[in-house]
Amino acid sequence: MSADFAIGLHDFSAATGQYVLTHETLAAENGADVAKYHKGIGQRSMSVPAVDEDIVTMAAAAAAPVVARHGADQIRTVLFATESSIDQAKAAGIYVHSLLGLPAGARVVELKQACYSGTAALQFALGLVHRDRSEQVLVIASDVSKYERGTPGEATQGAAAVAMLVSAEPALMRIENPSGMFTADIMDFWRPNYRTTALVDGQESISAYLQAVEGAWKDYTERGGRSLDEFTAFCYHQPFTKMAYKAHRHLLDHCGYDVDDGEITRAIGQTTGYNAVIGNSYTASVYLALASLLDNADDLTDRTVGFLSYGSGSVAEFFAGTVVPGYRSHLRTDMHREAIDRRQEIGYAKYREIHDHSFPVDGGNHPVPRETTGPYRLAGIAGHKRLYEQR
Ligand code: HMG
């Protein structure tokens with residue numbers, strides 16, 4: 001049953017970490033040809049959070065401007081999607097709820113299914129607004145992507161958060177029915193509870209992603225979805241930006257279309273700008289693709305955008321959104337560019353120090369050095385509790 005009112009994205013805001021490591025620096029350290037990173041996987045640099053930043057501080061930084069613009073009175077639910085969780089029991093969103101002073105009369109939960117759960121959160125939010133159009137749902141996707149140093153995955157690391165306000169009669173984008181879904185039990189990428197870095201079978205993960213694109217598209221078309229020609233652009237999950245090109249080429253081929261590189265670039269090119277310099281932000285990545293598109297494309301009013309969200313393991317979903325007239329006056333383009341530009345470039349030694357840092361697990365009092373210039377920080381860990389503060 002579809003609602004007799006539009007539901008979708010009413011506001012959107014993104015944040016990233018304090019530091020940036022370029023792929024020139026990484027290549028100089030590990031002896032790779034930098035062209036493999038720039039051209040082969042389509043990455044220029046990666047965001048690296050400071051030691052006093054994490055998924056909570058990035059999420060609060062992304063969500064604060066949304067709450068400042070719209071107030072919190074209508075927010076009845078906060079859905080926090082992540083796969084770099086900081087606690088096995090408590091939802092990271094509760095720290096954000098506290099930092100932003102959201103009302104006690106709200107529910108807050110955390111969702112996980114690799115990079116896909118941001119989309120699960122968005123879809124669940126649509127359902128909640130469908131039930132009661134007066135409610136707004138704050139959807140947050142925040143992740144720090146981390147692989148072992150010296151592994152092929154290292155070049156695809158990154159970090160970012162997005163905050164999306166889902167409401168009736170949205171100002172940015174209407175999200176449509178149907179969705180196409182696909183699930184398969186595959187060990188392409190995973191992170192056991194005792195590890196801080198992910199394990200991955202790189203080539204298997206690329207094949208699994210492509211298989212999921214086919215599966216989700218098949219389900220989408222069988223449920224009466226739009227035809228490929230109706231889309232102006234496609235936002236794919238971007239573990240590295242070349243993956244979006246691979247995926248779209250695969251979809252066109254699968255659907256019997258001529259695979260024209262110019263046409264693929266037209267459909268994908270403007271979605272990759274932020275991910276190419278931020279790296280994989282897991283749950284946030286497909287929505288950073290949307291931010292890049294909205295912030296950089298000419299007028300997209302009434303244009304339809306396709307989304308392909310993939311999370312290893314694996315689950316994928318294809319759905320469509322149509323851009324609302326007047327959307328441009330609600331964008332945060334300057335803020336997004338500033339968040340990227342203000343990052344401080346670091347050398348390999350500083351990156352290694354941050355990458356290999358871990359807090360003692362002795363239950364003692366461990367203050368964290370001040371590094372971030374962002375609005376929120378992790379002040380310390382004491383008695384196994386994380387302590388956050390506004391900077
Ligand atoms: P690799 O073995 O380092 O690289 O792993 P490669 O040898 O496959 O080369 C990569 C590309 O660079 C190739 O292009 C090469 O030809 C090219 P392709 O053939 O694929 O088009 N290349 C060059 N190009 C120009 N000049 C050169 C040069 N040398 C090589 N000199 C891999 C790459 C992506 C596998 C690795 O980085 C990795 O394991 N990454 C992590 C896993 C990943 O990102 N998987 C993507 C799909 S799964 C997914 O998206 C889910 C995920 O986000 C997790 C989640 O859901 O939570 C990861």
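Throughout, read-outs are computed from the coordinates displayed, never taken from laboratory work. Bear in mind that the values here come from a model prediction, so they are computed numbers and not experimental data. Every residue, glycine as well, gets a Cβ built from its backbone with ideal geometry; the counts of neighbours run over all protein chains shown.
Please give the net charge around residue 39, taking every other residue with its beta carbon less than 15 angstrom from that of residue 39, where Lys and Arg add +1 and Asp and Glu add -1. Could you put the intermediate results ahead of the total?
On the way: positive: 36, 44, 242, 246; negative: 24, 33, 261.
Net local charge, residue 39 excluded: +1.
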> If you plug each phi of region 274-284 into the Karplus form 6.51 cos²θ - 1.76 cosθ + 1.60 with θ = phi - 60°, what whole-Hz ³J(HN,Hα) values come out, in order, with x for Gly and Pro?
Replying inline: 6, 5, 5, 10, 9, x, 6, 10, 6, 4, 7
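Rounded to the nearest 5, what % of DSSP beta bridges with both residues in the chain are antiparallel? Each step should come with its number before you reach the end.
Values: 50 of 68 bridges.
If we restrict to bridges inside the chain, about 75 percent are antiparallel.
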> Using a ≥ b ≥ c from the Cα gyration tensor of region 7-390 (square roots of the eigenvalues), is it rounded, prolate or oblate, where a/c under 1.5 gives rounded and otherwise the larger of a/b and b/c decides, a/b for prolate?
Replying inline: oblate
> For region 167-189 and region 258-323, what is the separation of their C-alpha centers, rounded to whole Å?
Replying inline: 13 Å
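What is the sum of charges around residue 290, taking Lys and Arg as +1, Asp and Glu as -1, for the other residues whose C-beta is under 15 Å from the C-beta of residue 290? Numbers along the way, then the final one.
Details: positive: 174, 303, 328, 332; negative: 11, 176, 295, 317.
Surrounding charge for residue 290 is 0.
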> Taking H as built 1.01 Å from N, whose amide H comes closer than 5 Å to the amide H of residue 380, not counting residues under 5 places away?
Replying inline: 368, 387
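Using 0.36 nm per residue of separation minus the Cα-Cα distance, give me the extension gain between residue 90 and residue 337 in nm, one decimal.
Numbers: separation 247, 0.36 × 247 = 88.92 nm, distance 3.24 nm.
Difference between extended and current length: 85.7 nm.
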> Taking the Cβ of residue 98 as the center, what net charge do the other residues with Cβ under 12 Å away carry, scoring Lys and Arg +1 and Asp and Glu -1?
Replying inline: +1
> Applying the Karplus parametrisation 6.51 cos²θ - 1.76 cosθ + 1.60 with θ = phi - 60° to the phi angles of region 360-365, what ³J(HN,Hα) value in whole Hz is obtained for each residue in order, glycine and proline being reported as x?
Replying inline: x, 10, 8, x, x, 9
>> Running a GNM on the chain with Cα contacts under 10 Å, which residue among 341, 52, 362 ends up with the highest mean-square fluctuation?
In response: 362
>> Could you derive backbone 3J(HN,Hα) for region 113-119 from the dihedral phi with the Karplus parameters 6.51, -1.76 and 1.60 (θ = phi - 60°), listing whole Hz in sequence and x where the residue is Gly or Pro?
In response: 6, 6, 6, 7, 5, x, 6
> What dipole magnitude, in Debye to the nearest 20, does the chain give about its Cα centre under +1 on Lys/Arg Cβ and -1 on Asp/Glu Cβ?
Replying inline: 820 debye
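How high is the relative contact order of region 7-390, in percent, counting Cα pairs under 8 Å that sit 6 or more residues apart? Numbers along the way, then the final one.
Details: 893 pairs, mean separation 95.3, N = 384.
Normalised by residue count, the contact order of region 7-390 is 25 percent.
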> Say the dipole of the chain comes from +1 at the beta carbon of Lys and Arg and -1 at that of Asp and Glu; which of 48, 179, 319 then lies farthest toward its positive end?
Replying inline: 48
> Amide H to amide H under 5 Å from residue 236: which residues, 5+ apart in sequence or cross-chain, H placed 1.01 Å off N in plane?
Replying inline: 308
>> What does the C-alpha gyration tensor say about the overall shape of region 1-42? Classify as rounded when a/c is under 1.5, otherwise prolate if a/b is larger than b/c, or oblate.
In response: prolate
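Based on the alpha-carbon gyration tensor of region 125-251 and its eigenvalue square roots a ≥ b ≥ c, which shape applies: rounded if a/c is under 1.5, prolate if not and a/b is larger than b/c, or oblate? List each step's numbers first, then the result.
Working: a/c = 2.08, a/b = 1.38, b/c = 1.51.
Note, shape of region 125-251 comes out oblate.
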> GNM on the chain, C-alpha springs below 10 Å: top fluctuator among 239, 49, 360?
Replying inline: 360
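Quick one: which of 276-287, 329-340 comes out on top by average Cβ neighbours within 10 Å, and what's the full order, highest first? Could the numbers behind the result be given before it?
Numbers: 276-287: 30.1, 329-340: 15.2.
Packing order, densest peptide first, comes out as 276-287, 329-340.
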>> Tell me which of 248, 156, 104 sits at the most positive position along the dipole axis of the chain, charges placed on C-beta atoms (Lys, Arg +1; Asp, Glu -1).
In response: 104
>> For the chain, set up a GNM with springs between Cα atoms under 10 Å and report which of 367, 192, 170 has the largest fluctuation.
In response: 192
>> Can you tell me which lysines have their Cα less than 30 Å from the Cα of residue 90? Leave out same-chain residues fewer than eight positions away.
In response: 112, 146, 385
